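Here is the structure we will look at, set down as structure tokens.
Bear in mind these aren't lab numbers, they're just calculated from the coordinates by the rules spelled out. Just so it is clear, the model here is predicted, and its values are computed rather than measured. We place every Cβ from the backbone using ideal geometry, glycine too, and count neighbours over all the protein chains shown.
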Amino acid sequence: MSTPEPPSGTVLQICPLLASLDEALASRHRAVRLSDQPDSDAFLAERGGEVVAAVTTARIGVSNVLMDVLPRLGAIVHFGVGYETTDVVRARARGIDVSNTPDVLTDCVADLAVGAVIGVMRRLAEADRYVRGGSWESGAFPLATRVSGKRIGILGLGRIGRAIARRLAGFDAELGYHSRRRVADVTYRYAESALELAAWADVLVVATAGGAATSGLVSAEVLAALGPDGYLVNVARGSVVDEPALVAALLERRIAGAALDVFADEPRVPAPLRDLDNVLLLPHIASATHETREAMGDLAYRNLDHYMTTGRLLTPVPL
């Protein structure tokens, strides 16, 4: 295999990034912030041909329209593990490689998922409000649901799903999963579909990738299978869950509760969810720790720097 030539040109920063990553890009590469341009369309028309690499976030990605005005673009570097906002197949067809930041956020996302399971089942946020509001003085807080020993189904047994399973094993949980294919080196119960997994589980933890292939995977039928004693925890992408169906199921108490770190149209959260005590709402913070965000920024920068010096990315995403 031939060694690619290191590219020479401009690095385009698509959107605001972590301060340390922003500083590294500005000081060590010829980086231009698209958000700094008074007329981004005029800038792209004039200088789009200079851009050889783009740095973006998992939430923003690089649109097909933007790709089309960057004829020399050779790499798209994502700050984040997700990349569904970029059409990777189309990018690859144009000779553009794409990277993300896997592994470095696995532990923090898994930690938060377990915290969310405990939080919604033991009603921790509600109990906090109960004390702060003075209600404890009028009587004991209502009973909650035990976590230990429950059947917990994990939808998506990738890096993050496996890390969640390892943690929940410490709660003597009975673990099951559904993925596109069986995972050879685990002993957890395998379900042939999300519907089958939900029907078996007391808790359904969503940890699968986002994108068109998983859009609406947790459907009204899956929620019905989870049932009135079941809980949903989503630390993946809002698109994986049929959000109107989830809102209806929660309002009508057809599932016991939900803990949600992601939503279909962030940062907008359906108003009915904000009024429900059996829902734990989080502002997409699964990877939001100082340590993890710095590690993500470091890996994103190393991907960009490696591409600019060797023509290759360190962690290209799989097709």
Item to complete: Return the sequence-ordered ³J(HN,Hα) values of segment 206-221 in whole Hz as given by the Karplus equation 6.51 cos²θ - 1.76 cosθ + 1.60 applied to θ = phi - 60°, using x for Gly and Pro.
Response: 8, 9, 7, 5, x, x, 4, 5, 10, 4, x, 4, 8, 8, 4, 5
Discussion item. If N is the number of residues in segment 122-232, what value comes out of its Cα radius of gyration divided by 2.2 N^0.38 Å?
Written reply: 1.25
Worksheet, complete the sentence: Taking every C-alpha to C-alpha distance in segment 175-257 and binning by 10 Å from 0, the per-bin percentages run 19, 54, 24, 3
Worksheet item: Once Lys and Arg get +1 and Asp and Glu get -1 on their Cβ, which of 183, 140, 227 lies farthest toward the positive end of the dipole of segment 106-281?
Response: 183
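Set the Förster distance to 45 Å, then compute FRET efficiency between residue 186 and residue 20 from the Cβ-Cβ distance, nearest 0.05.
Efficiency at R0 = 45 Å is approximately 0.80.
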Item to complete: Mind listing the long-range amide H neighbours of residue 154? Cut-off is under 5 Å, sequence gap 5 or more, other chains count too, H placed in the peptide plane at 1.01 Å from N.
Response: 176, 177, 178, 205
Discussion item. With every atom except the alpha carbons ignored, what do you get for Rg and Dmax of segment 54-134, in angstroms?
Written reply: 19.6, 62
Worksheet, complete the sentence: A correct Karplus calculation of ³J(HN,Hα) over segment 304-312, with 6.51 cos²θ - 1.76 cosθ + 1.60, θ = phi - 60°, whole Hz and x for Gly and Pro, returns 5, 5, 5, 5, 5, 9, 10, x, 10
Practice prompt. Can you give me the P(r) profile for segment 46-194? Cα pairs, bins 10 angstrom wide beginning at 0, each as a whole percent.
Written response: 10, 25, 23, 21, 14, 6, 1
Response to the item:
If unit charges are put on Cβ atoms (+1 for Lys and Arg, -1 for Asp and Glu) and the dipole of segment 106-281 is taken about its Cα centre, the option from 118, 249, 262 lying farthest towards the positive end turns out to be 118
Discussion item. Only four residue types carry charge here, +1 at the Cβ of Lys and Arg and -1 at the Cβ of Asp and Glu. Report the dipole size of the chain about the Cα centre in Debye, rounded to the nearest 20.
Written reply: 620 debye
Worksheet entry | DSSP beta bridge pairing in segment 163-319, given as percent antiparallel to the nearest 5 | 5 percent
Worksheet item: Of all DSSP beta bridges in the chain, what percent run antiparallel (nearest 5)?
Response: 5 percent
Discussion item. What's the ranking of 51-61, 170-180, 230-240 by average number of surrounding C-beta atoms within 10 Å, highest first?
Written reply: 230-240, 51-61, 170-180
Worksheet item: Using unit Cβ charges (K, R positive; D, E negative) and no other charged atoms, how large, in debye to the nearest 20, is the dipole of segment 235-319 about its Cα centre?
Response: 180 debye
Practice prompt. Could you grab the relative contact order for the chain? Cα pairs under 8 Å, six or more apart, rounded to a whole percent.
Written response: 19 percent
Worksheet item: How do 270-281, 128-139, 76-87, 249-260 rank on mean C-beta neighbours within 10 Å, highest first?
Response: 76-87, 249-260, 270-281, 128-139
Practice prompt. Mind listing the long-range amide H neighbours of residue 13? Cut-off is under 5 Å, sequence gap 5 or more, other chains count too, H placed in the peptide plane at 1.01 Å from N.
Written response: 32, 33, 34, 55
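Averaging over every viewing direction, what projected area does the convex hull of the Cα atoms of the chain cover, in nm²?
One quarter of the hull surface, i.e. the mean projection, equals 18.8 nm².
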Worksheet item: In debye to the nearest 20, how big a dipole does segment 106-281 give about its Cα centre with +1 on each Lys and Arg Cβ and -1 on each Asp and Glu Cβ?
Response: 400 debye
Response to the item:
In order over segment 49-55: 3J(HN,Hα) from phi, Karplus 6.51/-1.76/1.60, θ = phi - 60°, whole Hz, x for each Gly or Pro, gives x, 7, 6, 10, 8, 10, 10
Fill in: Kirkwood-based shape ratio for segment 164-319, expressed as Rg/Rh from alpha carbons
1.03
Worksheet item: Which residue, chosen from 101, 203, 62, occupies the Cα position most advanced towards the positive end of the dipole of the chain, where the dipole is computed from +1 (Lys, Arg) and -1 (Asp, Glu) charges on Cβ about the Cα centre?
Response: 203
